[in-house]
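Q: Before anything else, here's the structure in question.
The values are calculated or read from the model by the stated rules, or taken from the named source; none is laboratory data. These numbers come from a predicted model, not from an experiment. When we count neighbours, we look across all protein chains shown, and the Cβ atoms used for this are built from the backbone with ideal geometry, even at glycine.
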Amino acid sequence: MSEHENDVSSRGLSSLDRSNLDLETPEKPYLDSNELIINMGPQHPATHGVLRVILKLDGEKVLGTECVIGYLHRGVEKIAENRTYTMFNPYVDRMDYVAAVSNGLGYCEAVEKLLNVEAPPRAKYIRVILTELNRIASHQLWLGTHALDIGAMTPLFYTFRDREEILKIFERYCGARLTTHAFRIGGCQYETYAGFEKEVKNFLAFFPPKIDEYEALLTGNRIWLERTKNVGVISGADAIALGVTGPVLRASGVKWDLRKAQPYAAYSEFDFEIPIGENGDTYDRYMVRMVEMRQSLRIIEQAVNGIPEGPIMGKVPKVIKPPVGEIYHSIEAPKGELGYFIVSDGSTQPYRIRVRPPSFVNLQALDIMVRGLLVADVVAVIGTLDIVLGEVDR
Amino acid sequence: MPNFIMSYLGSSVTPGEAGNQFWALMYVLIIFAGVSVAVMAMNWLERKALAHFQIRLGPMRVGPHGLLQPIADALKLMLKEDIIPAEADQFVFWVAPLIGLLASFTVYTVIPFGPSQAVSDMNIGILFMLGVSSLGVLGIVVAGWASNSHYPLIGALRSSAQMVSYEVAMGLAVVAAILMTSMKTGTGTLSMIGIVQSQQQQGIWFIFKFFPLGLIAFVIFAIAMIAETNRAPFDMAEAESELTAGYHTEYSGLRWSLFMLAEYAAMIAVSSIAVTLWLGGWMRPFPNLLHAPAWDFIFSFFPGLTFLALAAIALIGTARMPSHSFFRIQRIGLAVFAALLGFIALLLLVIAVAGRSADASLAARFNEGIGYVYWFVLKVAVFMYLFIWYRATWPRYRFDQLMKIGWKVMLPISLGVLMVTAIVGVLVK
Amino acid sequence: MAEDVKTPAPPPPPEGEKKPTAETVVPPAQSAVTPGTVEKPAAPAAPKAPTTEKPAAAAPAAPKPAAPAAKPAAPAKPAGPVPMPWTSPLVEKYKSQYGSGIEAQTYLGQNYFSVDRSLIPDLLRMLRDDEQFDYCVDITAVHYPKREKQFDVVWILYSFPRNERVRVKTQIADGASIPSSVSIWPTANWLEREVYDMFGIQFDGHPDLKRILLPDGWKGYPLRKDYGILQQDQEWVQINLGIESGQ
Amino acid sequence: MAPVATPWFFYVLAGLAVASGVAVITRRNAVHAALALIVTLLSVAGLYLMLYAPFVAGVQIIVYAGGIMVLFLFVIMLVNIERSSKERRYNRMWPVGLVAACALMGLFMTAFTKGRSLFPDRMISLPESSNTQQIAGMLYGEAGQMGQYTFAFEIASLLLLVAILGAVIMTKKKI
């Protein structure tokens, strides 16, 4: 979009006002309202928070988009510089708040790496179980809202009903449901509660029929197929060039998952598969995430059956003072590659923490994915990108 | 005055046809009130049914099981501040909901609840109905334009295109049914009452006529009528996840409620057309096969028994309410409601017994009329439930897909059905 | 929380002028050329040594070789991993091509180049085209206010075919600009905008360089170390609320 | 059938038609004008109904008020209202229009006052119930014989079909 159009939209003028302004310029065609500029968001039911998308439309066809983000910017990276490593740990939960456990895992592992310590095996297993549960919870929330965007309102309630079971496990484990702060640098603070394994196993038995239920509502549904097939297509090469990661990348046929490519925590010990799509359209992304939920169940099953005994906290000094140096560590969050680039100056506070948010980078692909589609597809594509504005804006 | 009343009750034509202006007016009032109440009931039912589809409870606080919720909502909407956007076209913004409301309520003048239970029996009934209901789109278009905002404008454009294109398929499906009316008598009719009567004469609901032609035409109409009323999965005009609320984004309070009233009234209206054209209108099941007076007597118990069942459900609900003092008032309320339903049931049963004789006594005519209205409303209610069911189950179509279905699938099929019906009709004759 | 609590320390303490050289023992896992092993922290414990933020020319006094057995223990006070020179065919190639403008090191199993600013677009392009670093993971910056060249700009790259990460760092002065890499990786678009937003670093040739997370009229660049949070807060409260800030 | 065509209804409808007709040409806002036109068309439909021509009235509502006017509004909404409302409403053609209107009025007046003597044998008698079937009879014929206007009717429909095809070809760049 050119500067001029941005000016117009940022002044908040409707096209009618705009044409009024153009009265003095006779070279403008008389019927100039073919191009419509509408603001989707920041208050809009389908932008998943405070995302503002400026759409340039020809009728209903999208000619171009521009994302305006930052409405939820809290300066997490600046906060980090004024907190100790331990104090900053809860903050990362507030970025991708639907996958808080994953955020915590990435941060703790990055700092552990910087400290050059390793969490004990039992802690790693607990981390894997909780992170995979969180992945399922995140995908459930994505599925519900995505289906709601496309107009199917019922799956939302089903997914929230089943997500509750996961949140209950979190709550019993660490007392919090959403921003869990489940892990500590060096391991876990809490030992699993009595009955943890039983509850997780119950969930493993409980959940597969529920996935079938979601799929019964959507997968074969004609309208769902028409709304998702060949919508928001992004090729594998484009996805790589745009730095898109996570299920969006895998749906474009790139078989890449950090859990396999560069295993962290205990992932190298588990047997699971990486689903990939073929066309890189919305339907493939849907299918990839559905299969991922089942694969997560597989991982959890292996982890909960093979969970070792032992300590849950590694040998971490009381005051965390990593040596001077810098580290980049990334994990496969539900949305994609979540990376932490930490620079330490040897003090108790990080000199600089840079978060590489998957949602932020994935959102950049929105423009090329929706060009030429209709307004209705824009919400479908925003949904399928599975962005969380807390993470986009940080 | 008594003469007025008796004169209509003694006649067998609609008040409009009889020139009975008093009763015509009465009917208009009754229908207006009845439809408004039906819309409120539908509102409650939709919220409850949708909630139960979605493992929720729905309204539970205002009245027992939220029974008074629609009333509370209506009050709230009436008292709400009436906001007209500063840049809106004031007059058009003001008049738009009225157009929609007018269109959907005018349709009821020709809907036959019984052979004489209608405001008027126009000989162009179905044509009038299609025409007037097509005026409803004007309200939407004008509302979208007058709001002077982009989302309503797009919603209005969508819905005008959608309604105009689905009207075509709808009209052709209707014509197929009208062709069927000419089968035995030789001349067809456009009159709504005439259509039902011809189904009676031919001894078949038109949905089963020339199987599967009638069924196909009916299905096309059933799909088109969802699109016509802007309901899921064709609720493009107000797709909340895309256009926030479509054409009524800028509306609030009473004006918004008028739009809702118009939408639900239109839903009931098109369902009534479908019932009239294909499902035998006011006729009870098997009126020709089981035509003995004994069967009449048995079927006349249905209304009373239905209300009895409703009363029983309400009673069970009363019994199942938690015995906490907090629920005492609700409990009493539900019990009173159950008692009310039971009383109505009793009344209906008494009428059924009293009116069993075939003479033209007042009770007999009452009994007859109740039977007609009961079966008609029951059939319409099935459609209303389907509307809710669709909404709970399906995602929303995209606009271009909707148009594609309308023009490339529904229109050819309905044209084909029309032609084949005409050919078959000639051959059979 | 006053911002002056955190006096931004210049990263390398005085003794940090030393730097390990290639003669030091390279722990096995640090050969790091084979894909897949890159991220495995082999955790070489080595005597305290500085980072390499300053490409000071000081010749290193080679510390005594690390005792790798000390791995799991919490790093003793003077002990800690040190950046090691990174040797690989890739590095050899570039070293021979660019000579002193490029330094390759590895720290905790993670490889990075510290390169001269003048090499920037060419090296990145070559990394993508010739070495298949096709995925730009992240672009960010670090601010060292006490240094002459105040900013480190960091590219984190990943290669799908090699399953290998590499970081490219360069130093630029305040007010200096740096060539944009949007033409190399489209994903750099927003990432560079964010760096500009937070640090005020200009990227030449960026299609649409403007603030991304902060409002357009924002003053200052928040992730610079000298950015005063309290001052900002007090000013805002003063202007918008007309009262004194309680901070 | 009891008479419905009371003069009261006639005057209301006629007055409405005239008033809204005037509004159509005087309103600056095109949407207001279109709404006024809809009112005119509906009033005329009411007049048809009073003339025992319910079929024509129904078609008037469906085709004009329901179909064509929706398309009208559809187009008007896309046009720049603010701008068009600032333009001059009457162009130089208005004297011609005035003359034409006066001529038409004169014609109607003549027909109204002298109609009986001018066309003595063409007086139509109002049908008892409806003219729907009579229209059908004229168009398609009754009792096996060809209707009076069958040929003309079919030609007209053919003409419309050609018009539709032409419109599609003109607007659609590739078919």
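Q: Here is a check on your reading of the model: is B:Ile216 assigned to a helix (DSSP H, G or I), more than 14 Å from chain D (Cβ to nearest Cβ), surrounded by fewer than 24 Cβ atoms within 10 Å (Cβ to Cβ) and touching a residue at least 12 places away in the same chain (Cβ under 8 Å)?
A: Values: assigned to a helix (DSSP H, G or I): yes; more than 14 Å from chain D (Cβ to nearest Cβ): yes; surrounded by fewer than 24 Cβ atoms within 10 Å (Cβ to Cβ): yes; touching a residue at least 12 places away in the same chain (Cβ under 8 Å): yes.
Yes: the conditions hold for B:Ile216.
Q: Could you please give the count of residues in segment A:53-89 that are away from chain C (no Cβ under 14 Å) and charged (D, E, K, R)?
A: Residues that pass the stated criteria total 4.
Q: If we only count helices (runs of 4 or more DSSP H) wholly inside segment A:225-290, which ones have 1 or more residues that are closer than 28 Å to A:Val304 by Cβ and within 19 Å of the chain's Cα centre (by Cα)?
A: A:247-251, A:258-261
Q: Being more than 10 Å from chain C (Cβ to nearest Cβ), part of a loop (DSSP other than H, G, I, E, B) and touching a Lys or Arg at 6+ places or on another chain (Cβ under 9 Å) is the requirement here; does A:Pro323 meet it?
A: no
Q: All but one of (1) outside any loop (DSSP other than H, G, I, E, B); (2) touching a residue at least 12 places away in the same chain (Cβ under 8 Å); (3) over 14 Å from the mean Cα position of the chain (by Cα) hold for B:Pro233; state the number of the condition that does not hold.
A: (1)
Q: Moving on to the next point. Please go through segment B:318-332 and pick out each residue that is outside any helix (DSSP H, G or I) and surrounded by 11 or more Cβ atoms within 10 Å (Cβ to Cβ).
A: Once the filter is applied, which keeps residues that are outside any helix (DSSP H, G or I) and surrounded by 11 or more Cβ atoms within 10 Å (Cβ to Cβ), segment B:318-332 yields only B:Met321.
Q: While we're looking at this one, here's another question. Looking at segment C:182-207, which of its residues are in a loop (DSSP other than H, G, I, E, B), within 17 Å of C:Tyr221 (Cβ to Cβ) and free of Cβ contacts under 8 Å to residues at least 40 places away in the same chain? Show your work before the answer.
A: Let us first name the residues in segment C:182-207 that are in a loop (DSSP other than H, G, I, E, B), namely C:182-187, C:200-201, C:205-207.
Add one more test, that the residue is within 17 Å of C:Tyr221 (Cβ to Cβ), and what stays is C:200-201, C:206.
Answer for segment C:182-207, where residues must be in a loop (DSSP other than H, G, I, E, B), within 17 Å of C:Tyr221 (Cβ to Cβ) and free of Cβ contacts under 8 Å to residues at least 40 places away in the same chain: C:Gly200, C:His206.
Q: Would you check if A:Gln349 is closer than 20 Å to A:Ser252 by Cα, surrounded by fewer than 24 Cβ atoms within 10 Å (Cβ to Cβ) and among the polar types (S, T, N, Q)?
A: In short, no.
Q: In addition: Return yes or no: is A:Ile331 within 14 Å of chain C (Cβ to nearest Cβ), touching a residue at least 40 places away in the same chain (Cβ under 8 Å) and either touching a Gly at 6+ places or on another chain (Cβ under 8 Å) or surrounded by 18 or more Cβ atoms within 10 Å (Cβ to Cβ) (or both)?
A: The answer is yes for A:Ile331.
Q: Of the numbered conditions (1) within 14 Å of another protein chain (Cβ to nearest Cβ); (2) at pLDDT 75 or above, D:Phe151 satisfies every one except a single condition; which is it?
A: (1)
Q: Could you say which residue among C:Asp216, C:Asp197, C:Asp226 is closer than 17 Å to A:Tyr71 by Cα, loosely packed, with under 14 Cβ neighbours inside 10 Å and of a type outside the set (A, V, I, L, M)? Steps first, please.
A: On the way: C:Asp197 fails: loosely packed, with under 14 Cβ neighbours inside 10 Å; C:Asp226 fails: closer than 17 Å to A:Tyr71 by Cα.
It is C:Asp216.
Q: I'm checking my understanding of the structure. Among residues of segment A:67-87 that are of a type outside the set (S, T, N, Q) and more than 20 Å from the chain's Cα centre (by Cα), which one is nearest to C:Val195 (Cα to Cα)?
A: Just the residues of segment A:67-87 that are of a type outside the set (S, T, N, Q), to begin with: A:67-81, A:83, A:85, A:87.
Imposing the further condition that a residue be more than 20 Å from the chain's Cα centre (by Cα) reduces the set to A:78-81, A:83, A:85, A:87.
On the way: A:Lys78: 13, A:Ile79: 17, A:Ala80: 17, A:Glu81: 16, A:Arg83: 21, A:Tyr85: 23, A:Met87: 25 Å.
Looking at the filtered set, the residue picked out is A:Lys78.
Q: Follow-up question, since we're still on this one. Somewhere in segment B:365-382, is a residue outside any helix (DSSP H, G or I), within 30 Å of B:Trp295 (Cβ to Cβ), in contact with an Asp or Glu (Cβ under 9 Å, 6 or more places away or on another chain) and not polar (S, T, N, Q)?
A: no
Q: Could you tell me whether segment C:203-216 includes any residue that is within 11 Å of chain A (Cβ to nearest Cβ), of a type in the set (Asp, Glu) and under 24 Å from A:Tyr328 (Cα atoms)?
A: Scanning segment C:203-216, I find no residue that is within 11 Å of chain A (Cβ to nearest Cβ), of a type in the set (Asp, Glu) and under 24 Å from A:Tyr328 (Cα atoms), so the answer is no.
Q: So which residues in segment C:125-144 are more than 10 Å from chain A (Cβ to nearest Cβ) and either at pLDDT 85 or above or surrounded by 24 or more Cβ atoms within 10 Å (Cβ to Cβ) (or both)?
A: The answer is C:Phe133, and nothing else.
Conditions (1) surrounded by fewer than 18 Cβ atoms within 10 Å (Cβ to Cβ); (2) not hydroxyl-bearing (Ser, Thr, Tyr); (3) not assigned by TED's automatic domain parsing to the domain that holds B:Val110, marked per residue:
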{"position": "B:Ala24", "(1), (2), (3)": "no, yes, yes"}
{"position": "B:Tyr27", "(1), (2), (3)": "no, no, yes"}
{"position": "B:Ala33", "(1), (2), (3)": "yes, yes, yes"}
{"position": "B:Asn43", "(1), (2), (3)": "no, yes, yes"}
{"position": "B:Glu46", "(1), (2), (3)": "no, yes, yes"}
{"position": "B:Leu57", "(1), (2), (3)": "yes, yes, yes"}
{"position": "B:Val62", "(1), (2), (3)": "yes, yes, yes"}
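Q: Check segment C:163-174 and report whether any residue there is farther than 24 Å from C:Pro85 by Cα, outside any helix (DSSP H, G or I) and within 12 Å of chain A (Cβ to nearest Cβ).
A: no
Q: In segment A:170-220, what count of residues is obtained for those that are part of a loop (DSSP other than H, G, I, E, B), surrounded by fewer than 20 Cβ atoms within 10 Å (Cβ to Cβ) and within 14 Å of another protein chain (Cβ to nearest Cβ)?
A: Going through segment A:170-220 one residue at a time, the tally reaches 2.
Q: Condition first: surrounded by fewer than 20 Cβ atoms within 10 Å (Cβ to Cβ) and outside any helix (DSSP H, G or I). Now tell me which residues in segment A:291-313 satisfy that.
A: A:Gly306, A:Pro308, A:Glu309, A:Gly310, A:Pro311, A:Met313
Q: Turning to a different aspect of this structure: Scanning segment B:77-95 for residues that are assigned to a helix (DSSP H, G or I) and in contact with a Ser or Thr (Cβ under 9 Å, 6 or more places away or on another chain), which turns out surrounded by the most Cβ atoms within 10 Å (Cβ to Cβ)?
A: B:Phe93
Q: Here's another thing I want to ask about it. With respect to A:Ala152, determine if the residue is aliphatic (A, V, I, L, M) and crowded, with 22+ Cβ neighbours inside 10 Å.
A: Taking the combined requirement at face value, the residue satisfies it.
Q: Evaluate the following for B:Ser165: is it within 8 Å of chain D (Cβ to nearest Cβ) and more than 22 Å from B:Ser272 (Cβ to Cβ)? Talk me through it step by step, then tell me what you get.
A: Numbers: within 8 Å of chain D (Cβ to nearest Cβ): no; more than 22 Å from B:Ser272 (Cβ to Cβ): yes.
No, not satisfied.
Q: Name the single residue that is farthest from the other protein chains (Cβ to nearest Cβ) among those in segment C:217-247 being free of Cβ contacts under 8 Å to residues at least 60 places away in the same chain and small (Gly, Ala, Ser).
A: Among those that are free of Cβ contacts under 8 Å to residues at least 60 places away in the same chain and small (Gly, Ala, Ser), it is C:Gly242.
Q: Kindly list the number of the only condition in (1) at pLDDT 85 or above; (2) part of a helix (DSSP H, G or I) that fails for B:Glu242.
A: Against the list (1) at pLDDT 85 or above; (2) part of a helix (DSSP H, G or I), B:Glu242 comes up short only on (1).
Q: I'd like the full set of residues that are within 14 Å of B:Met122 (Cα to Cα) and facing chain B (nearest Cβ under 7 Å), limited to segment D:46-68.
A: Selection gives D:Pro54, D:Phe55, D:Gly58.
Q: Is it true that A:Arg285 is among the basic types (Lys, Arg), over 17 Å from A:His139 (Cα atoms), crowded, with 22+ Cβ neighbours inside 10 Å and out of contact with any His (no Cβ under 8 Å at 6 or more places or on another chain)?
A: Judged against the criteria, A:Arg285 is not a match.
Q: Evaluate the following for A:Val343: is it farther than 14 Å from A:Cys108 by Cα, within 8 Å of chain C (Cβ to nearest Cβ) and either in contact with a Phe, Trp or Tyr (Cβ under 7 Å, 6 or more places away or on another chain) or in a helix (DSSP H, G or I) (or both)?
A: Details: farther than 14 Å from A:Cys108 by Cα: yes; within 8 Å of chain C (Cβ to nearest Cβ): yes; either in contact with a Phe, Trp or Tyr (Cβ under 7 Å, 6 or more places away or on another chain) or in a helix (DSSP H, G or I) (or both): yes.
It is true that A:Val343 is farther than 14 Å from A:Cys108 by Cα, within 8 Å of chain C (Cβ to nearest Cβ) and either in contact with a Phe, Trp or Tyr (Cβ under 7 Å, 6 or more places away or on another chain) or in a helix (DSSP H, G or I) (or both).
Q: Hey, B:Trp295 hits all of (1) part of a helix (DSSP H, G or I); (2) modelled with pLDDT under 85; (3) touching a helix residue (DSSP H, G or I) at 6+ places or on another chain (Cβ under 9 Å) but one; which does it fall short on?
A: Among (1) part of a helix (DSSP H, G or I); (2) modelled with pLDDT under 85; (3) touching a helix residue (DSSP H, G or I) at 6+ places or on another chain (Cβ under 9 Å), the lone unmet condition for B:Trp295 is (3).
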